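Let me begin by presenting the structure, written as structure tokens, before commenting on it.
The values are calculated or read from the model by the stated rules, or taken from the named source; none is laboratory data. Small disclaimer: the values here were computed from a predicted structure and weren't measured. When we count neighbours, we look across all protein chains shown, and the Cβ atoms used for this are built from the backbone with ideal geometry, even at glycine.
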Amino acid sequence: MNDNQISNMNTNDDTDYTPSLGQGAAHSKIILMGEHAVVYGVPAIAMPFKVASVSVKITPSKTNRSRLESDYYSGPISLMPDHMANLKRVIELMLDSFNLPEQALYYHIESNIPIGRGMGSSAAVSVAIARAIADFYDVDLSDYQLQLIVNQGEVIAHESTSGLDTLMSSTNDPVMYQKSEQPVPFSLNLKAFLILADSGIEGQTKKAVASVRQLLEERPKFVKEALNSIERFVKLGYQAILNKDVNELGRLLTYNHYYLNQLGVSHPTLDRIIQAAWYAGALGAKLTGGGLGGCAIALAETAKDAELIAEAMEIAGAKQTWILNLESE
Ligand code: MEV
């Protein structure tokens, strides 16, 4: 936005200027392996899921207060409900960090990322908002600054965060990720299909992350052993991807689920959906994301298998399924 537009805004006359626009976008993600363990420094493998995405548009507000409009809340930013405190924090941090002028803005959010399904909705909305603010004010926002700011919102949303959701909502490649390390992008390019199944049950990442932390305090040996096993599986899983060994990858997904279950972050409906995938011939299946609801993934060798597996997952309770051809990812 230029000076002329700012001074036009100050005249409070909507007729003699074209409102400038800030736009930002981000997408969803799928964690293939390593969720929860990644909070404790174990590597994780994740990929962007662009079918589910969010876009944010910002214009000067016609009222004297900043307002936000979305499917879940419409009203002044100052009155946003507690569960949106992360977005408020990201807006404050963007404005403060870049010394941006105080002015009433109108934020319009459009998203088809289901909330609370372990698909990284909170990070994606925050990333899209931060990018829209940067665009509106013509600020150069580096990836590093974006991650720092959004992760501070994520700490509010999820209690503690590995930073994986933030990274995945703003990156275009699958990555091998380890907290505080440079992510390693790679191309999946596997002759296989991934089924993503939404249990329809709202997952609770914050509660799940807190419960693993509590279990670590209560049974440190057990949890550390589980984290070590997950670490081994993730590293073998990455090797299997590089070797294009989809059978081995499937096996490791299933082992990973076993340990997530042991850590108490699965859900009976998720377990039912995952079991249905195994019985329908999946190479492997597991929960994905924060758990306690949310989504499951399954790996299939052929498109036909993937369809049968998706159908079995739906019969077992999945409300929606997506099939991704991993040869093009
Ligand atoms: C949530 O999508 C992934 C978790 O590992 C939390 C995190 O990495 O911050 C459960």
Answer yes if at least one residue in region 221-241 is within 14 Å of the ligand (Cβ to nearest atom) and surrounded by fewer than 17 Cβ atoms within 10 Å (Cβ to Cβ), and no otherwise. no
Suppose we filter region 156-213 for residues that are in a loop (DSSP other than H, G, I, E, B), touching a strand residue (DSSP E or B) at 6+ places or on another chain (Cβ under 9 Å), free of Cβ contacts under 8 Å to residues at least 60 places away in the same chain and more than 9 Å from the ligand (Cβ to nearest atom); how many remain? 2
Tell me which residues, restricted to region 187-197, are of a type outside the set (A, V, I, L, M) and at pLDDT 95 or above. 191, 193
Return only the number of the condition from (1) assigned to a helix (DSSP H, G or I); (2) within 16 Å of the ligand (Cβ to nearest atom) that residue 133 does not satisfy. (2)
Counting only residues that are within 21 Å of the chain's Cα centre (by Cα) and either modelled with pLDDT of 95 or more or of a type outside the set (Asp, Glu) (or both), region 274-329 contains a total of 26
Residues that are under 18 Å from the mean Cα position of the chain (by Cα), within 19 Å of residue 125 (Cβ to Cβ) and not polar (S, T, N, Q), drawn from region 41-70: 46, 48, 49, 50, 51, 52, 54, 56
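Here are some residues: 53, 28, 97. Which one is among the hydroxyl-bearing types (Ser, Thr, Tyr) and either at pLDDT below 95 or buried (at least 19 other Cβ atoms within 10 Å of the Cβ) (or both)?
Details: 53 fails: either at pLDDT below 95 or buried (at least 19 other Cβ atoms within 10 Å of the Cβ) (or both); 97 fails: either at pLDDT below 95 or buried (at least 19 other Cβ atoms within 10 Å of the Cβ) (or both).
Only one candidate qualifies: 28.
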Condition check: touching a Ser or Thr at 6+ places or on another chain (Cβ under 8 Å) and either within 26 Å of residue 320 (Cα to Cα) or not hydrophobic (A, V, I, L, M, F, W, C) (or both). Does residue 143 satisfy that? yes
Of the conditions (1) in contact with a Leu (Cβ under 6 Å, 6 or more places away or on another chain); (2) aliphatic (A, V, I, L, M); (3) under 21 Å from residue 245 (Cβ atoms), the single one that residue 270 does not satisfy is (3)
Can you say whether residue 38 is exposed (fewer than 15 other Cβ atoms within 10 Å of the Cβ), within 16 Å of the chain's Cα centre (by Cα) and among the hydrophobic types (A, V, I, L, M, F, W, C), as far as the supplied structure shows? no
Residue among 104, 52, 46, 37 that alone is among the hydrophobic types (A, V, I, L, M, F, W, C) and within 18 Å of residue 147 (Cα to Cα): 46
Name every residue in region 247-267 that is in contact with a Leu (Cβ under 7 Å, 6 or more places away or on another chain), without any contact (Cβ under 8 Å) to a residue 60 or more places away in the chain and either β-branched (Val, Ile, Thr) or within 16 Å of the ligand (Cβ to nearest atom) (or both), in order of residue number. 257, 264, 266
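I need the full set of residues from region 114-124 which are more than 12 Å from the ligand (Cβ to nearest atom) and either within 9 Å of the chain's Cα centre (by Cα) or closer than 16 Å to residue 287 by Cβ (or both), in order please. Quick ask: steps written out before the conclusion?
Step one: of region 114-124, the residues more than 12 Å from the ligand (Cβ to nearest atom) are 114-115.
Scanning region 114-124 gives a single hit, 114.
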When you scan region 144-197, how many residues do you find that are of a type in the set (Ser, Thr, Tyr) and closer than 25 Å to residue 301 by Cα? 1
Of all the residues that make up region 160-195, how many are touching a helix residue (DSSP H, G or I) at 6+ places or on another chain (Cβ under 7 Å), at negative phi and among the polar types (S, T, N, Q)? 6
I'd like the full set of residues that are out of contact with any Lys or Arg (no Cβ under 8 Å at 6 or more places or on another chain) and more than 8 Å from the ligand (Cβ to nearest atom), limited to region 23-32. 30, 32
Search region 133-154 for residues that are farther than 20 Å from residue 84 by Cβ and pair each with any residue that is part of a helix (DSSP H, G or I) and modelled with pLDDT of 95 or more when their beta-carbon atoms are under 6 Å apart and the residues are at least 6 apart or on different chains. 141/134
I need a count of the residues in region 272-304 that are away from the ligand (no atom under 16 Å from the Cβ) and in a loop (DSSP other than H, G, I, E, B). 6
